[in-house]
Amino acid sequence: MLTAGKGDYGDVMLARVDAGPETGSGQRQQQSLVVVKSLLSTAAHHQRAFEHEAEMFSQAHPMSGRHVVRLLGVCCSLQPPLMVTEYCELVRTSS
């Protein structure tokens, strides 16, 4: 994992995860880049914002746009809690 920066309530990291069909040896054929957000703050308003963001991403329709990332998972059983989303590279729309 590579720390990409700091968000409102914790670190934002880039990670590679196995993706695609499994090979005969049980490994995946390719890797995908994902964003991992951590909730380091114990402030109640940051915890609510983290939960709200996860809820918002979970309700996004898959066809809502190619620049809307999907929520891949949330882990609250570890400390700090983590949210994993697709990675979407920023694309310049003007020259």
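Residue pairs, Cβ under 8 Å, 6 or more apart or interchain, first in segment 1-19 and free of Cβ contacts under 8 Å to residues at least 40 places away in the same chain and under 17 Å from L40 (Cβ atoms), second among the β-branched types (V, I, T) and loosely packed, with under 15 Cβ neighbours inside 10 Å. List them.
D11/T3; V12/T3; M13/T3
So the check is Cβ under 6 Å with 6+ separation or different chains; which pairs have a first residue in segment 33-53 that's at positive phi and a second one that's at pLDDT 95 or above and of a type in the set (D, E, K, R)?
From residues that are at positive phi, there are no pairs.
Can you tell me which residue is modelled with the lowest pLDDT among those in segment 53-70 that are among the aliphatic types (A, V, I, L, M), more than 14 Å from C88 (Cα to Cα) and not in a helix (DSSP H, G or I)?
This residue is M63.
The values are calculated or read from the model by the stated rules, or taken from the named source; none is laboratory data. This is a predicted model, so every value here is computed, not measured. We place every Cβ from the backbone using ideal geometry, glycine too, and count neighbours over all the protein chains shown.
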